[in-house]
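Visitor: Attaching a single structure in structure tokens format; questions to follow.
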Amino acid sequence: MSEIIYRNKYRYINKDMKHKKNRKTTVVSILGTNLDRRGKNAKRWDKWRPNIALCQQEDMIVDTLVLLHEKGFKRLAEQVKQDIETVSPETHVQFHQVDFSDPWDFELVYSQLFDFSQSYQFKPDEEEYLIHITTGTHVAQICLYLLTETHYLPGKLFQTSPGNKESPTVGKYQIIDLDLSRYDQIASRFNQERVTGVDYLKSGIETRNSKFNKMIEQLEKVSLLSKEPMLITGATGAGKTQLVKRIFELKQQRGQISGKFVVVNCATLLGDKAMSTLFGHSKGAFTGAVEARNGLLKEADGGLLFLDEIAELGLDEQAMLLRAIEEKNYLPLGADKEIKSDFQLIAGTNNNMNKNVAEGKFREDLLARINLWSYQLPSLKERIEDLEPNLDFELKKFAQKAGHLVSFNKGARASYMKFATSPAALWKANFRDLNSSVTRMATLSEGGRISEDIVEDEITRLKEYWCDDLPRANDPCNVAVKLLGEEKASQLDLFDQYLLMGVSQVCKSSKSMADAGRKLFGVSRLNKKSTNDSHRLKQVLGKFDLTFDELC
Ligand SMILES: Nc1ncnc2c1ncn2[C@@H]1O[C@H](COP(=O)(O)OP(=O)(O)O)[C@@H](O)[C@H]1O
Ligand SMILES: [Mg+2]
């Protein structure tokens, strides 16, 4: 029943192919050492043979078939060529020898196909190329895909498949154009989902501060490679809690952690309860211990324990914690058997831990154990160039919650940025202040537009809020604002702000300008023949447009 199906001689071309009519079609294909080999007798025509079938398609003429084959398969290649001549005499079969001695060796197959792409004389103006990916190993398919995607092979991917019962041998084909938008969409979705660990730790905020960025890059590596404890320090609102949460999520995404994320603020663990909350207790361990209870350390088994404000932990708890992280077991309160818990510890603090150690408030051995990896998060003012991307991030976050877009009017944005990046903006609670500020403005915005009025009110509110608390006589920026006004103060370098603060403090505590001059120039005046300290002080103050009297 072997019936040879000839390709329709009338060459009718379907609509999709019409515009390419003037270009010839060249298919690049690997000889199918299994699928194309169906013996020599007539029965071979009953079977689907991809390289024959692709020349039998009714609506497509293959002008040239470049058949890549190995040396040892020359005979089979010749047979395929002959059979193609039978069904599609217009097709010219060209052989190209390759060395696929190990067809699963990625490097070998890739280099062979790459060499082919370099040596073949492609003429894209005259010919359309289809890269057949149905034959060859998966390794070869991946290599053909890569070479096509990168345009080393200037064509489209081309697949064939066996047909149904009516036409089993000819089958179907499909062209995959990697340049078409459908593929673009897949590629961009893929890119979106393939956010890097670093981006993830930064919540996708495109931070500009190079020191911060470098730190996060290292932190990502350490997070993914190490299970050792970490210490994250930084002022309130610098982003410690957010960062640790992200570290946990990143580890979880990469399958590095299976347990829970347990957060404990050590400042809330008061008195006797601290021990049992952390380490658990047995039934009847103390009055009121009606039930045995697993502590938070046990809850974090296999997961991550974040001990925020670790400096607040009592000395007894510190000793117990050290044992728990070193030996991975500890004794719950009132229990006679130790229990096991294997967790990663991250500690957070805004204290100077060395000082705490020096004052005997914190165990030196515990600090040495937890600060193997230690990261200091800079304050918002220390990375003021990151304010803008964080501002946009906060706006987006608000918009997501509110369900509508929120943005600044152009002028409003400029005024807000000018104030926000000036020395007058103290950002005492760092990103937490920024978050509250954006929340206020966005809530008050009408139709999602933050106007100049809203910004002005917000600036006033922030100034009052930052002014209210704690005397700030030792804040150079505050001193400069008080003496010179905001506009002028904002033009000063921090160096000059400190200079001004120091000089004004000496002036205030001096009887006269000469007295202040003597104190300020006490060393250099001894080395000079004629001294005029008052004059020198006057010159310094002149730099700031100030007089001695104005300071006292
Ligand atoms: N990486 C971040 N992703 C999202 N929000 C952040 C990030 N860092 C800081 N923030 C913002 O700053 C606020 C304070 O951060 P948080 O982690 O609570 O600070 P800390 O723990 O250092 O006091 C958060 O509520 C959030 O609005
Ligand atoms: Mg916190």
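The values are calculated or read from the model by the stated rules, or taken from the named source; none is laboratory data. Since this is a predicted model, take the numbers as computed values, not measurements. Cβ atoms come from the backbone with ideal geometry, glycine included; neighbour counts cover every protein chain shown.
Visitor: I'd like to verify a number: residues in the stretch 515-540 that are assigned to a helix (DSSP H, G or I) and within 26 Å of VAL481 (Cα to Cα), how many?
Guide: Step one: list which residues in the stretch 515-540 are assigned to a helix (DSSP H, G or I), which gives 515-520, 524-527, 533-540.
The next check asks that each one be within 26 Å of VAL481 (Cα to Cα); those that pass are 515-517, 519-520, 534-540.
Final tally of qualifying residues: 12.
Visitor: On the basis of being within 16 Å of ligand 2 (Cβ to nearest atom) and within 33 Å of the chain's Cα centre (by Cα), does LEU304 make the cut? So that I can check it myself, show each step before the final result.
Guide: On the way: within 16 Å of ligand 2 (Cβ to nearest atom): yes; within 33 Å of the chain's Cα centre (by Cα): yes.
Yes; evaluated as a whole, the condition is true for this residue.
Visitor: Now for a different question. What are the pairs with Cβ atoms under 6 angstrom where one residue, in the stretch 228-257, is touching a residue at least 12 places away in the same chain (Cβ under 8 Å) and the other, located anywhere, is aromatic (Phe, Trp, Tyr) and more than 12 Å from ligand 1 (Cβ to nearest atom)? Sequence gap at least six, or different chains.
Guide: MET230/TRP373; PHE248/PHE261
Visitor: Pairs, please: C-beta under 6 Å, at least 6 apart or cross-chain, first residue outside the structural domain of ILE232 (by TED's automatic domain parsing) and in the stretch 358-385, second among the basic types (Lys, Arg) and surrounded by fewer than 16 Cβ atoms within 10 Å (Cβ to Cβ)?
Guide: Filtered contacts from the stretch 358-385: GLU385/ARG208.
Visitor: I've got another one for you. Working only within the stretch 279-306, note down all residues that are more than 18 Å from LEU231 (Cβ to Cβ) and in a strand (DSSP E or B).
Guide: Scanning the stretch 279-306 gives HIS281, ARG293.
Visitor: Looking at the stretch 414-511, what helices (runs of 4 or more DSSP H) fall wholly within it and have at least 2 residues that are under 28 Å from LEU551 (Cα atoms)? Even if it seems obvious, please write down each step before you answer.
Guide: Numbers: elements: 430-444, 452-468, 476-484, 486-489, 494-508.
Counting at least 2 such residues, we get 452-468, 476-484, 486-489, 494-508.
Visitor: Among what's in the stretch 324-352 and is more than 27 Å from VAL290 (Cα to Cα) and not hydrophobic (A, V, I, L, M, F, W, C), pick the residue that is farthest from ligand 2 (Cβ to nearest atom).
Guide: Ranking the candidates gives GLU327 first.
Visitor: Find the residue count for the stretch 300-316, including only residues that are surrounded by 19 or more Cβ atoms within 10 Å (Cβ to Cβ), among the charged types (D, E, K, R) and over 17 Å from ILE232 (Cα atoms).
Guide: Number of matching residues: 0.
Visitor: Please specify each residue of the stretch 415-445 satisfying the condition of being out of contact with any helix residue (DSSP H, G or I) (no Cβ under 9 Å at 6 or more places or on another chain) and more than 15 Å from ligand 1 (Cβ to nearest atom).
Guide: Within the stretch 415-445, just LYS418 meets the criteria.
Visitor: Being assigned by TED's automatic domain parsing to the domain that holds GLU149 and surrounded by fewer than 21 Cβ atoms within 10 Å (Cβ to Cβ) narrows it down to one of LEU65, LEU76, so name that one.
Guide: On the way: LEU65 fails: surrounded by fewer than 21 Cβ atoms within 10 Å (Cβ to Cβ).
Answer to the check: LEU76.
Visitor: Considering only the stretch 277-291, how many residues are closer than 20 Å to VAL264 by Cα and free of Cβ contacts under 8 Å to residues at least 24 places away in the same chain? Steps first, answer last, please.
Guide: At the first step, the residues of the stretch 277-291 found to be closer than 20 Å to VAL264 by Cα are 277-281.
Filter once more, so that each one left must be free of Cβ contacts under 8 Å to residues at least 24 places away in the same chain: 277.
Number satisfying all stated conditions: 1.
Visitor: For the stretch 236-255: of the residues being part of a loop (DSSP other than H, G, I, E, B) and surrounded by fewer than 20 Cβ atoms within 10 Å (Cβ to Cβ), which is nearest to ligand 1 (Cβ to nearest atom)? Give the derivation first.
Guide: Within the stretch 236-255, the first condition is being part of a loop (DSSP other than H, G, I, E, B), and the residues that meet it are 236-239, 254-255.
Then drop every residue that is not surrounded by fewer than 20 Cβ atoms within 10 Å (Cβ to Cβ), which leaves 236, 254-255.
Values: THR236: 5, ARG254: 18, GLY255: 22 Å.
Among those that are part of a loop (DSSP other than H, G, I, E, B) and surrounded by fewer than 20 Cβ atoms within 10 Å (Cβ to Cβ), it is THR236.
Visitor: So, in the stretch 488-522, of the ones that are aromatic (Phe, Trp, Tyr) and in contact (Cβ under 8 Å) with a residue 12 or more places away in the chain, which residue ends up surrounded by the most Cβ atoms within 10 Å (Cβ to Cβ)?
Guide: Kept after step one, since they are aromatic (Phe, Trp, Tyr), are these residues of the stretch 488-522: 495, 498, 521.
This time we only want the ones that are in contact (Cβ under 8 Å) with a residue 12 or more places away in the chain, so: 498, 521.
Details: TYR498: 15, PHE521: 18.
Step by step, filter the stretch 488-522, then rank; the result is PHE521.
Visitor: May I ask you to verify whether MET230 is more than 17 Å from the chain's Cα centre (by Cα), surrounded by 14 or more Cβ atoms within 10 Å (Cβ to Cβ) and either away from ligand 2 (no atom under 16 Å from the Cβ) or in the same structural domain as MET353 (by TED's automatic domain parsing) (or both)?
Guide: On the way: more than 17 Å from the chain's Cα centre (by Cα): yes; surrounded by 14 or more Cβ atoms within 10 Å (Cβ to Cβ): yes; either away from ligand 2 (no atom under 16 Å from the Cβ) or in the same structural domain as MET353 (by TED's automatic domain parsing) (or both): yes.
Here the answer is yes, as MET230 does meet what is asked.
Visitor: Here's something else I'd like to know. Select from the stretch 81-90 the residues that are buried (at least 20 other Cβ atoms within 10 Å of the Cβ) and not in a helix (DSSP H, G or I) and list them in ascending order.
Guide: Within the stretch 81-90, SER88 is the sole residue that qualifies.
Visitor: Let me ask something additional. Any residue at all in the stretch 312-329 that is on the phi < 0 side of the Ramachandran plot and within 16 Å of ligand 1 (Cβ to nearest atom)?
Guide: Residues of the stretch 312-329 on the phi < 0 side of the Ramachandran plot: 312-327, 329.
Cutting the leftovers down to within 16 Å of ligand 1 (Cβ to nearest atom) gives us 312.
Checked the stretch 312-329: at least one residue is on the phi < 0 side of the Ramachandran plot and within 16 Å of ligand 1 (Cβ to nearest atom).
Visitor: Looking at SER223, SER276, SER258, can you tell me which residue is part of a helix (DSSP H, G or I), away from ligand 1 (no atom under 16 Å from the Cβ), farther than 30 Å from SER161 by Cβ and at pLDDT 90 or above?
Guide: Details: SER223 fails: away from ligand 1 (no atom under 16 Å from the Cβ); SER258 fails: part of a helix (DSSP H, G or I).
Sole residue among the options that is part of a helix (DSSP H, G or I), away from ligand 1 (no atom under 16 Å from the Cβ), farther than 30 Å from SER161 by Cβ and at pLDDT 90 or above: SER276.
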